[in-house]
Structures are given as structure tokens and as C-alpha cells.
Protein chains: 2
Amino acid sequence: MAVVRLSHGSGGVETAEIIERLFIARLPDVFKKVPGGLGLDFPDDAAAVPMGDGRYLVITVDSYTVSPPFFPGGDIGLLAACGSINDVLMLGGRPVAMMDAIVVEEGFPVEDLERIVSSFLSVLRSEGIALIGGDFKVMPRGQLDKVIITTVGVGVAERLIVDRPRPGDKILVSDYVGDHGAVIMMLQHGESPRGLKSDVKPLVRLMVPLLEKYGSYIHAARDPTRGGLAMVLNDWARAGGGVVVVDEEAIPIRPEVASYSHMLGIDPLYLASEGVAVLAVDPSVAGEVLNFVRSLGFLNAKVIGEFRESRRYSGYVLLKTQAGGFRILEPPRGDLVPRIC
Amino acid sequence: MAVVRLSHGSGGVETAEIIERLFIARLPDVFKKVPGGLGLDFPDDAAAVPMGDGRYLVITVDSYTVSPPFFPGGDIGLLAACGSINDVLMLGGRPVAMMDAIVVEEGFPVEDLERIVSSFLSVLRSEGIALIGGDFKVMPRGQLDKVIITTVGVGVAERLIVDRPRPGDKILVSDYVGDHGAVIMMLQHGESPRGLKSDVKPLVRLMVPLLEKYGSYIHAARDPTRGGLAMVLNDWARAGGGVVVVDEEAIPIRPEVASYSHMLGIDPLYLASEGVAVLAVDPSVAGEVLNFVRSLGFLNAKVIGEFRESRRYSGYVLLKTQAGGFRILEPPRGDLVPRIC
């Protein structure tokens, strides 16, 4: 009998397969979105519902299961707030409200829950987002390991970013990639992260000014969470019907993340980030946008490659290696790290 | 050190206390709602955001943890769909879209997940509601007992039902109460439900015609889930600043639910229903509304009491007992049944 495997939850190929099997294949297209909006037919982390005045309601839900719940740079509360805020932003929405549903194990220290909720609320306060409701459930001891937080992000978009890169678009990342994934992996392996911290943070102060100033030039935007940069770029190659060509040397990766990945035989491009944006930007303004992103405090932002038309490699991601050749960057498979977010 | 107890998740007094401590007390009022909407300041299961054209977006989130996940009359998928649909309806919204986040244990049979998702999707199809997105996570074996489904319900309301009964209002229930709670309790105690089934069902076909025809006469609407009818009536007594007087004999309870509760020394008014509406209706139309509700197929609907002004008993629920006296129906405390929804 087929059973659910860890890889089904890793955000890669197997996740797409089980979602296809459970949901997409079983639902007529008319039930996959609200007319005029974006829904299950659109492979992003958020959905859109037209508001009738040209604007869109942007809405997203994610369950956060990260283990351990406290880690250098943050905790599950911070992650749950930032994750849903960033998903709203990546579709072009300005986050206005959140809801949360907590499921916690009987016996969990109230003090720890207070720390987690404080982190969660601190993001809402700093970003001016209202908490409009939620749910709270307790499972008997032994039936849940610690805590799961599900958050709903609600925003309003004047214009949606529909994640379809165009030929010539430059691919820009706002920061070092893979820090969050590396930290969680180290902790799960019982190792000390030795100063490395999760990158988890809200991207409101990056994306809102960027959308205001360059909204129509940004053809795709995503935060590379589960499945990492590799997943985002593969999604874009397929969605745009072309090839993504990336210069491996240009990708900002911290030396300690690179060396840890190397030691484990893992490509850091599969590691999750929780406070990084990847953008496909019209080439006419790419340099300007890079400078603007840096001026907003994202000093490690880099242009790492571009999207091109290609007959031969359409749907693929090509990585220009440091040796000067090319290799195909496959979409993620298997289970690199369980409970990473 | 204080720890989370099962009673914190039972939807009664202790749940209100921990939500107050974790969220309400820590957040300035300005962060508790979107201006002009309903949020944390409003003790209902859904929230509202003004859409700018006089209508409201109604949104709700709940995590469903019911154990066992399959039960007579339904399963966790059916429950997750109906629960969020009904919460949208009770605030006056017409449900238009849903999202879901599934967290499942490694090793869970895919076939069971397919059954659960099929139940979930069947409700969306029958009620004309779109599934616009979701999340799927897997926790390693032993870290979660089976499956948790979180659903987000999204609807649009022309007029909100703000759950403030007015003096003279008649209290109407649409059906037998407590069936769901009794079935789950029997299963958790290892007993056969002997023909009793959960009442779980979507209330679209009750509430949408009712709101269209009598919307302005319905001053409060709730589905009595965790905490049962007792919780709803106590909330209303406090919110309306008066007394709810209910005739115990008039409350529709199946004999098998009554006798099982009696055997366990439990009041069936604390048992959850998942397909029942409780309404506070203007007395001028209460008889008409009762007939209309019955004409929609809810043949067991009954007027069970009324809301009155009272200096002495303001905030209380008085139950007129079969012996002719009165007793106070306390709000629920403690943990009657874990993982009931």
C-alpha cells in the first residue's frame, strides 16, 4: 500500500506529484479559481481573488512545523509571520491582515508559547499588519511533537506579479541564499551553527517600495523557501517556456553554508531561505533595480543570470559552472531536511 | 512551570483565557482589526475586512485535528470543509473560495488521504466553492498522530451578522444538537455509536436563502461547535448585555445522545455540533423564519427560548428545567473531549 513519504512534503517534485494526484486531478478547472483570479491553476504560494475595482485580494496559507521551534536568528513564530507575509508580497500584494491557527501539544511550556507568539506579534507590529482572528487547539501528549502554527496572510494588490519571466529578463536575488536551510539542518544533525543564523525576515520594506517604483518591470517574484533557489528557477523555466541561465559564481552563498553543504554532498541551491526575494526583472531597468534594492539595505543583492528563449533547453535551468562549462540544475527531489519550515 | 493543558483547547473558558494572555493582552487595539472591519476584538470564528464598496470580505481559519479521522457520518476532510464554510456563513458571508494546509504523518496511507481529500472536495463541488491554493507538509513518523487539516474559508458579505442579540429576540436552533460530539466521544471511549452519526454538513442551503430573505432580522448566528450550545448562548448573553432564557424541553436532542450524556454525567448542551445553526431572530418574524427554515428541509428546527433584558441575570444563561425551575447554564470549562474537531 502506498504511504505518505517525507519527500512528499519537501516542496519538490514529489510534493507537486501528490498535490496533482490529490487535488488538481480531482477537481474540474472551474473549481480551481475564482473567475478572474489566480488559484490552483497557478503554481505559486498565494492566490488572488478580484475585488471588483481592479484590485486583487491576495491570500495565502502555510502550516509551519519547523523543528526545533527555536533556532539562531528566530523561532517558529517569527517564521510563521514572515513566511505568509512574504508569500503575499511575492504575488504583488501589500499585506494588511493575518490570521493564525495554533495546534500545540499538551504539556508544552506556556512560557515557550509566549516567546513564540511574541515573535509572531512583533513582526505584525513592525510591519503594520493586523491580526484579525485565529484558532487554538491542543493535542494530547504524545500525539504531536511540540507545535504547528498555520498562518493566513491577506493583502491587496494593484497589480499581480504572475511569475512569467520574459526573454532577456535578468534574475536578481536580494541576499545570500540557503542560510535558513543550513541552520535547521545543522541543528537537526546535532551540530552547532557556529554563528550562522537563519535569514528569516519580512520583506515588506524591500517589496513595497520596489513594487511602487518598478512594479511593471518585475515579471516574476518568489521567495526561495522549500526546494530553495533550484525550485524557483525550475518553476520559472517551465512557466516562461524558456531556459534560465545562471552564473554559479554570482550566486551569493556564505562560505560557511557552502562548506557545510559541500561536506554533506548537498547543493546549497536546494536549501531554503526565509527572507530572500528572487526577481525576474526587465533588462532595461535591471541595473537600476539592483542599485535600488541595495539602497534599501540589501547590500548583498546580485544579478545572477537571465531568462532566455531556447528550443533545446526550454524548461531547464543551466548553471554556468566555475570551471566554465554548463550543468543542468534539476528541480529538487527527495527529502533533504524534514520540518525545515 | 505553567504548561499547556487539554482544556486550553476545548473552546471554553480556558481557551478564552489563553488567547487573552497570548494575543489580546499583547497587541494594541489598532492591530486587532482592519479599520472598519471585525477582528480579534470580536469573539466570533470569522473576521471581516471592508472591501471599499460597502461589502465585506469574510475570512476564517481553523485547524482540524479530529480523532479518529474517519467517523460515522463523515471524516476529517468533510469536517474541515464544512467547519470553515459554516463559519463564513455565520458572519453573514457567502462562501466563494477555500484554501487548505495539510500536515500528515510519514507513513499515513495515501489511500486514506485520498478518501479524506475526496470528501473535502465533494463539499466544495456541491456548494460551488473554489479551492484556490494550499500547503502540504509531512512530519516524520511518531511526531504527529495521523493528520491535521487547516482550512481557510473566504466569503463576501453584503451585511455582517455581528452577533449581538436584542431584547425580545427568539433563539432558534436548526436541528438536533450534540450529535457530532457524542459520536466522537463514543469512538474515543471505544464504544459503538450504534447508528448515531455526526451531523457534519455545510449550511449554505440554509443560510444563504435565510440571509437573502430575513437578513436584517437575524441579530446573531453561530454554529455550536467546541463548547456546544452552552458556549454560544453564554457568548450571546455577555455580548447582548442581557439574559438568555431557554426552555430545556424545547431543545432538540436525540434520545440516544441524551441517554449517553446522562450515563457519563455530561450535559449534552456542551457537546459540539458541526451542521447546526443557532439564530437570534427578531420576534416579529420568528414564527415565519421557523417555518421558512423547516421548508428548507430542516424539519427539526425549534424555537428554544429568548433573549431578555435583565439587571439581575445580565450575562447569564437561564435554563428552564423540566421540573419547572431555573438553573444557570455555565459556560464550558475543562476538557470534555480532546480532538473533537
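The residues in the range B:150-204 that are among the polar types (S, T, N, Q) and either assigned by TED's automatic domain parsing to the domain that holds B:Y260 or surrounded by fewer than 24 Cβ atoms within 10 Å (Cβ to Cβ) (or both) can be counted, and the count is 4. Listed conditions (1) away from chain A (no Cβ under 14 Å); (2) assigned to a strand (DSSP E or B) are all met by B:H180, apart from (2). Within the range B:132-142, one or more residues are more than 29 Å from A:L40 (Cα to Cα) and within 14 Å of another protein chain (Cβ to nearest Cβ). Any idea which residue in the range B:143-157 is farthest from the other protein chains (Cβ to nearest Cβ), counting only those that are farther than 19 Å from B:E114 by Cβ and aliphatic (A, V, I, L, M)? Here the residue is B:A157. B:P224 falls short of the stated requirement of being under 22 Å from B:G128 (Cα atoms), in the same structural domain as B:E309 (by TED's automatic domain parsing), under 14 Å from the mean Cα position of the chain (by Cα) and part of a loop (DSSP other than H, G, I, E, B). For A:P167, the conditions (1) modelled with pLDDT of 95 or more; (2) more than 25 Å from A:V317 (Cα to Cα); (3) more than 14 Å from every other protein chain (Cβ to nearest Cβ) all hold with the exception of (2). For the range A:232-258, the set of residues classified as assigned to a helix (DSSP H, G or I) and among the basic types (K, R) consists of A:R238 only. Note on the range A:37-53: residues that are modelled with pLDDT of 95 or more and assigned to a loop (DSSP other than H, G, I, E, B) amount to 2. When B:A230, B:A272, B:A301 are checked against the criterion of being small (G, A, S), within 14 Å of chain A (Cβ to nearest Cβ), in contact with a helix residue (DSSP H, G or I) (Cβ under 6 Å, 6 or more places away or on another chain) and under 30 Å from B:V208 (Cβ atoms), B:A272 stands alone in meeting it. Kindly provide the set of residues from the range A:232-252 that are closer than 14 Å to A:G168 by Cβ and within 17 Å of the chain's Cα centre (by Cα), ordered by number. Hit for the range A:232-252 is A:W236, nothing else.
Taking the criterion of being surrounded by fewer than 17 Cβ atoms within 10 Å (Cβ to Cβ) and basic (K, R), the only residue of the range B:287-304 that qualifies is B:R294.
Taking the criterion of being over 16 Å from A:A272 (Cβ atoms), within 9 Å of chain B (Cβ to nearest Cβ) and either in a loop (DSSP other than H, G, I, E, B) or of a type in the set (G, A, S) (or both), the residues of the range A:1-16 that qualify are A:M1, A:A2, A:V4, A:R5. Within the range A:137-155, is there a residue that is in contact with a Phe, Trp or Tyr (Cβ under 9 Å, 6 or more places away or on another chain), within 24 Å of A:A182 (Cα to Cα) and among the hydroxyl-bearing types (S, T, Y)? Checked against the condition, which is being in contact with a Phe, Trp or Tyr (Cβ under 9 Å, 6 or more places away or on another chain), within 24 Å of A:A182 (Cα to Cα) and among the hydroxyl-bearing types (S, T, Y), the range A:137-155 yields at least one hit.
With respect to B:D45, is the statement that it is more than 7 Å from every other protein chain (Cβ to nearest Cβ), under 25 Å from B:A277 (Cβ atoms) and surrounded by 18 or more Cβ atoms within 10 Å (Cβ to Cβ) true?
Details: more than 7 Å from every other protein chain (Cβ to nearest Cβ): yes; under 25 Å from B:A277 (Cβ atoms): yes; surrounded by 18 or more Cβ atoms within 10 Å (Cβ to Cβ): yes.
Considered against the rule, which asks whether it is more than 7 Å from every other protein chain (Cβ to nearest Cβ), under 25 Å from B:A277 (Cβ atoms) and surrounded by 18 or more Cβ atoms within 10 Å (Cβ to Cβ), B:D45 comes out as yes.
Inside the range A:17-36, residues that are more than 7 Å from chain B (Cβ to nearest Cβ) and either free of Cβ contacts under 8 Å to residues at least 12 places away in the same chain or not in a helix (DSSP H, G or I) (or both) make up a count of 8. Among the residues making up the range A:143-164, a single one is more than 22 Å from A:P43 (Cβ to Cβ) and either modelled with pLDDT under 95 or of a type in the set (S, T, N, Q) (or both): A:Q143.
Each residue in the range B:48-66 was checked for being among the β-branched types (V, I, T) and touching a Lys or Arg at 6+ places or on another chain (Cβ under 8 Å), and 2 of them qualify.
Considering the range B:48-58, and only residues there that are within 8 Å of chain A (Cβ to nearest Cβ) and not hydrophobic (A, V, I, L, M, F, W, C), the residue that is surrounded by the most Cβ atoms within 10 Å (Cβ to Cβ) turns out to be B:G52.
Selection of the range A:79-115 for residues being in contact with a strand residue (DSSP E or B) (Cβ under 8 Å, 6 or more places away or on another chain), within 7 Å of another protein chain (Cβ to nearest Cβ) and part of a helix (DSSP H, G or I) yields A:V110, A:L113. Cβ-Cβ distances below 6 Å connect the following pairs, each with a first residue in the range B:37-56 that is among the basic types (K, R), a second residue that is modelled with pLDDT of 90 or more, and a separation of six or more residues or different chains: B:R55/B:V156; B:R55/B:E158. Residues of the range B:301-309 include at least one that is over 30 Å from B:S63 (Cα atoms), among the β-branched types (V, I, T), within 20 Å of the chain's Cα centre (by Cα) and outside any loop (DSSP other than H, G, I, E, B). Looking at the structure I just gave you, is B:G190 assigned to a strand (DSSP E or B) and of a type outside the set (D, E)? In short, no. If you go through the range A:208-224 and pick out every residue that is farther than 19 Å from A:W236 by Cα and in contact (Cβ under 8 Å) with a residue 40 or more places away in the chain, you end up with 6.
Of these, A:S284, A:S314, A:S261, A:S273, which one is in contact (Cβ under 8 Å) with a residue 60 or more places away in the chain, crowded, with 23+ Cβ neighbours inside 10 Å and either outside any strand (DSSP E or B) or not assigned by TED's automatic domain parsing to the domain that holds A:P209 (or both)?
On the way: A:S284 fails: crowded, with 23+ Cβ neighbours inside 10 Å; A:S314 fails: crowded, with 23+ Cβ neighbours inside 10 Å; A:S261 fails: crowded, with 23+ Cβ neighbours inside 10 Å.
That would be A:S273, the only listed residue that is in contact (Cβ under 8 Å) with a residue 60 or more places away in the chain, crowded, with 23+ Cβ neighbours inside 10 Å and either outside any strand (DSSP E or B) or not assigned by TED's automatic domain parsing to the domain that holds A:P209 (or both).
Within the option set B:F307, B:F326, being surrounded by 21 or more Cβ atoms within 10 Å (Cβ to Cβ) and hydrophobic (A, V, I, L, M, F, W, C) holds for one residue only, B:F307. The residue of the range B:321-341 that is modelled with the lowest pLDDT, among those that are assigned to a loop (DSSP other than H, G, I, E, B) and of a type in the set (A, V, I, L, M, F, W, C), is B:L336. Scanning the range A:85-119 for residues that are surrounded by fewer than 24 Cβ atoms within 10 Å (Cβ to Cβ) and either among the charged types (D, E, K, R) or at pLDDT below 95 (or both) returns A:R94, A:E105, A:E106, A:E111, A:D112, A:E114, A:R115.
Just give me the residues in the range B:77-104 being within 28 Å of B:P140 (Cα to Cα) and under 15 Å from the mean Cα position of the chain (by Cα), in sequence order. Even if it seems obvious, please write down each step before you answer.
Our first condition is that a residue be within 28 Å of B:P140 (Cα to Cα); within the range B:77-104, this holds for B:77-81, B:83-84, B:98-104.
Matches in the range B:77-104: B:L78, B:L79, B:A80, B:A81, B:G83, B:S84.
The values are calculated or read from the model by the stated rules, or taken from the named source; none is laboratory data. This structure is a prediction, so every number in the text was calculated from the model and none was measured. All Cβ positions, glycine included, derive from the backbone under ideal geometry; neighbour counts span all protein chains shown.
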